[in-house]
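What follows is a single structure, written as structure tokens, with notes after it.
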Amino acid sequence: MNEPAADVTVHLMVNGAPRRAAVPARTSLADLLRDHLHLTGTHLGCEHGACGACTVLVDGAPARACLLLAAGCDGADVVTVEGLTGDEVDVLRAAFRAEHGLQCGFCTPGILITALDVVRRRPNATADEIRVELSGNLCRCTGYVGIVNAVQRAASELCDRSAEVAR
Amino acid sequence: MKPRPFGYAAVDSVEEAVALLAEHGDDAKVLAGGQSLVPLLNLRLASPAVLIDVRRVDALREATRQHDGASIGAAVVHAAVEDGRVEDPTHGLLPAVAAGIGYRAVRNVGTIGGSLAHADPSAEWPVVLSALDANAVTRSPRGERRVPVRALTTGYFSTVLEPDELLLRIDVPPTRAQRWGFTKIARKTGEFAESLAVALVTLETDGRIAGAELWLGGAAGVPVRLATAADLLRGQAWDDKARREVRAAVALDLDPPVDADGRYRVHLHGVAVCRALDDAIGGQGAL
């Protein structure tokens, strides 16, 4: 593709399934997910990257869906909150329940994506380090303590589980 | 909000990118990570007619060792630097700086070249790469040129880059300093800095300062070299007297404050510089 186009056709993986959409070039990944694929778990809070409500996994790493153009995600592997499955996620979800890590739920999808990345990438993070890692996800309800506790609890349990497996 | 409509083109090569920039010039913007550009589009503070997406240009994502220095492609993401996946001739300064940029989700996508080209006065890379005396290499229809990063930024969100000029890579030279210190002060973790201080220091065998390179970001439209403060440190021990003198010298190198807010900011910058020197001399980083 060489001439600038006002509309684009995007092929990408979303939650493990190949999806295709023809959208205006200015469409964000968030808008593609929400409006075209009806995956409304990815939320829009600020649309400039500060609040974290739109955070999804792109090719395995957290990214702001509000700051990615759908056009730029051709060929990408996207996972939204709707696509979070597996043992790791079950542990995370249980930890959030046990530690009261959510209230209204608006920040929760972005928080879960970020938290999953933290427990994978920094399984031994301290509470302070977790707070820094979560600094890009704003929550207006909880005061963050339950969220940090949930991430620590999940990290610790996942660590125990992998120690079990190793034995 | 949503951006105004634009034309989008993804390119696979530097040549394609430059050709499109030549064709569309002032009406086009390069899209690398978009973590600075897309917020502007969403807020309608920028409305380019054309976006040229260079994320698939492999040449812009390479990072290689060059003699004792490093060459970092303009589209290398901050997270790659943070994680140590990029050649680092600064013994930890580059990763430490990268780790403080915004949030991980932003660092996974935002690029070092984008930061330089955007020239936000509170951004990390313009001031840090100025302190390191790095060079930016660019390509335009007129060919390639090397621009010292110290000469790249001309003012708030303004650089010497022409509308048809693409940033290719940043060459970081080996540095003569022995130790580094870096301080970012922001109200909230991840936000843009209220003050950014970089200190590159060489010590005598008795612990006195042989030489220092001091740079300040977030204080003006361009990164500020603190020449007065650096000069007075030569031959000095790093003690409370030196700290007081540095804070006074920082105030001299900045615009005189006219109100309480200005006085606070100058004080803040002095504190940031002292913390960076504490880090450098107290043993944070050996270069």
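The values are calculated or read from the model by the stated rules, or taken from the named source; none is laboratory data. Everything numeric in this text was worked out from a predicted model, so none of it was measured. Every residue, glycine as well, gets a Cβ built from its backbone with ideal geometry; the counts of neighbours run over all protein chains shown.
Worth pointing out:
- Of all residues making up the range B:202-245, the number that are of a type in the set (A, V, I, L, M, F, W, C) and under 23 Å from the mean Cα position of the chain (by Cα): 12
- Against the numbered list (1) more than 8 Å from every other protein chain (Cβ to nearest Cβ); (2) touching a Ser or Thr at 6+ places or on another chain (Cβ under 6 Å); (3) surrounded by fewer than 17 Cβ atoms within 10 Å (Cβ to Cβ), residue B:32 comes up short only at (3).
- Residue list for the range A:116-142, filter: more than 22 Å from residue A:86 (Cα to Cα) and polar (S, T, N, Q): A:126, A:135, A:137, A:142
- Filtering the range A:141-163 to residues that are touching a residue at least 24 places away in the same chain (Cβ under 8 Å) and either over 20 Å from residue A:56 (Cα atoms) or within 14 Å of chain B (Cβ to nearest Cβ) (or both) leaves A:141, A:142, A:146, A:149, A:151, A:152, A:153, A:157, A:158, A:159, A:161.
- Per-region count, the range B:102-122, residues among the aliphatic types (A, V, I, L, M) and more than 14 Å from every other protein chain (Cβ to nearest Cβ): 4
- Test for residue A:40: is it of a type in the set (S, T, N, Q) and within 12 Å of chain B (Cβ to nearest Cβ): no
- Being without any contact (Cβ under 8 Å) to a residue 60 or more places away in the chain and either within 14 Å of chain A (Cβ to nearest Cβ) or over 14 Å from the mean Cα position of the chain (by Cα) (or both) holds for only one residue in B:146, B:139, and it is B:146.
- Set side by side, the residues B:242, B:197, B:229, B:212 differ, and just one is surrounded by 24 or more Cβ atoms within 10 Å (Cβ to Cβ), assigned to a helix (DSSP H, G or I), modelled with pLDDT of 95 or more and of a type outside the set (D, E, K, R), which is B:229.
- Annotation for the range A:113-129: no member residue is surrounded by fewer than 17 Cβ atoms within 10 Å (Cβ to Cβ), farther than 21 Å from residue A:53 by Cβ, in contact with a helix residue (DSSP H, G or I) (Cβ under 8 Å, 6 or more places away or on another chain) and in contact (Cβ under 8 Å) with a residue 40 or more places away in the chain.
- Tally, over the range B:41-56, of residues that are more than 7 Å from every other protein chain (Cβ to nearest Cβ), among the aliphatic types (A, V, I, L, M) and touching a helix residue (DSSP H, G or I) at 6+ places or on another chain (Cβ under 9 Å): 6
- If the condition is being over 20 Å from residue B:183 (Cα atoms) and modelled with pLDDT of 95 or more, then the range B:87-105 contributes only B:105.
- Residue in the range B:211-219 that is in contact with a Lys or Arg (Cβ under 8 Å, 6 or more places away or on another chain) and aromatic (Phe, Trp, Tyr) present: yes
- Residue tally, condition in contact with a strand residue (DSSP E or B) (Cβ under 6 Å, 6 or more places away or on another chain), buried (at least 21 other Cβ atoms within 10 Å of the Cβ) and outside any strand (DSSP E or B), over the range B:215-226: 4
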